[in-house]
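Since the structure comes first, as structure tokens, the remarks are kept for the end.
The values are calculated or read from the model by the stated rules, or taken from the named source; none is laboratory data. This is a predicted model, so every value here is computed, not measured. Quick reminder, even Gly has a Cβ in these numbers, built from the backbone with ideal geometry, and neighbours come from all protein chains shown. In case anyone asks, the SASA skips ligands and DNA or RNA and just uses the protein heavy atoms, side chains included. Shrake-Rupley method; radii C 1.70, N 1.55, O 1.52, S 1.80 Å.
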Amino acid sequence: MLNRRRSFGQNIFLYSMIIMIILFCIFPFLQILSTSLKHQIDWGNPSLIPRVIHLDAYKELLGLMPQKTIEIPDSLKTMLDNPALSEAAKQKIIARFTSQDADFPFARYMLNSFLISLITSVASTFFASLAAYAIARLRFPGRSVFSNAVLFVYMVGGVLLMVPLYQMAVTVGLAASISGTLICIFLIYLVQTLPVAMYMLGNYFRTIPFSLEEAAMMDGCSRTEAFTTIIIPLSRPMLMTVFVYCFVIAWNEYLFASVFLKQYQDFHTLPLALQTLFNSKNAIWDRIMAASMLTLVPVVIAFMFANRHLSGGLTEGGVKE
């Protein structure tokens, strides 16, 4: 039975709904971008188009603003002439007044997030590929139970695990140092991303014909060599998908970072740093929105870099049997 073609009115309604959904999804990002480019006097402008493009917020966050010469006012000079003040106290007051240190070191926080996310995504993709291949190809007792139960950890909410995990870290002494805390964060992110990564890769490995591995092993390859020379190259699209998935999860994670890294300000990740920025003296709307837009950049770059791998190679490895 042939499918009935939609009428012109139905097409108009369908496309209108699609456009409305797309606009609804991208409007918050357009609003963030618009506010980040507006000057303070232009914040009351309801239009998404700024009257004048204002890039100072981005320059401040990226450290591109020129250094300003700060002059000590006469009132402060009069106070410093007080003989009751020690020389150390005077130098401390002058240093605090003339300090030009970045109040919000955005680059440092972005580097922290990038390193943690990169290490987590690489490790999770590596371990998930090994475990998924074992589930998809090997025969061992309890394989089906293990493959179905691996998602149980992902189903448990992070709020329920936060308190016991932190208590465990304190008990074993890992939370007492920054190195131990970073190890805890890495292990937590790894546990959060591994289940779904294993599930995705396991299903993808099953779509690759086993006859390709048999042919390689008949030519003298071991199972490990067949995995590295046959399975891994053919699974590049899914491996890239899993890598981007793990990277985004670690990049946007806030709950565990707010608990484990709260006392180590120099090692804050971007989600935690943005929350701190909201409650600081630098909570200026254009700076907050600019920091939010810059936080999206690595994720967008990751998707753009992975796009050619995600859209191609999906039918690679197909054979006629």
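Residues that are part of a loop (DSSP other than H, G, I, E, B), among the hydrophobic types (A, V, I, L, M, F, W, C), touching a residue at least 24 places away in the same chain (Cβ under 8 Å) and open to solvent by less than 70 Å² (accessible area, probe 1.4 Å) within region 18-57 comprise just one, 37. Please specify each residue of region 93-117 satisfying the condition of being open to solvent by 60 Å² or more (accessible area, probe 1.4 Å) and at pLDDT 70 or above. Listed by number, the residues that qualify are 107, 108, 111, 114, 115.
Of all residues in region 154-213, those being closer than 22 Å to residue 243 by Cβ and either aliphatic (A, V, I, L, M) or open to solvent by 40 Å² or more (accessible area, probe 1.4 Å) (or both) number 21. Residues in region 241-273 that are surrounded by fewer than 19 Cβ atoms within 10 Å (Cβ to Cβ) and within 17 Å of residue 32 (Cβ to Cβ): 252, 271.
Determine whether region 133-143 contains at least one residue that is open to solvent by 70 Å² or more (accessible area, probe 1.4 Å) and under 25 Å from the mean Cα position of the chain (by Cα). Looking for residues that are open to solvent by 70 Å² or more (accessible area, probe 1.4 Å) and under 25 Å from the mean Cα position of the chain (by Cα), one finds none in region 133-143, hence no.
Among residues of region 108-133 that are more than 19 Å from residue 203 (Cα to Cα), those with a beta-carbon under 9 Å from a residue that is acidic (Asp, Glu) and not in a helix (DSSP H, G or I) at least six positions away or on a different chain give the pairs 116/253; 117/253. Residues in region 235-260 that are touching a residue at least 60 places away in the same chain (Cβ under 8 Å), assigned to a loop (DSSP other than H, G, I, E, B) and under 17 Å from residue 191 (Cβ atoms): 253 alone. Please tell me if residue 313 is part of a loop (DSSP other than H, G, I, E, B), at pLDDT below 85 and open to solvent by less than 30 Å² (accessible area, probe 1.4 Å). It is true that residue 313 is part of a loop (DSSP other than H, G, I, E, B), at pLDDT below 85 and open to solvent by less than 30 Å² (accessible area, probe 1.4 Å). Of the numbered criteria (1) of a type in the set (A, V, I, L, M, F, W, C); (2) modelled with pLDDT of 70 or more; (3) more than 21 Å from residue 58 (Cβ to Cβ), the one residue 291 fails is (3).
Within region 1-17, the set of residues being surrounded by 10 or more Cβ atoms within 10 Å (Cβ to Cβ) and among the polar types (S, T, N, Q) comprises 10, 11, 16.
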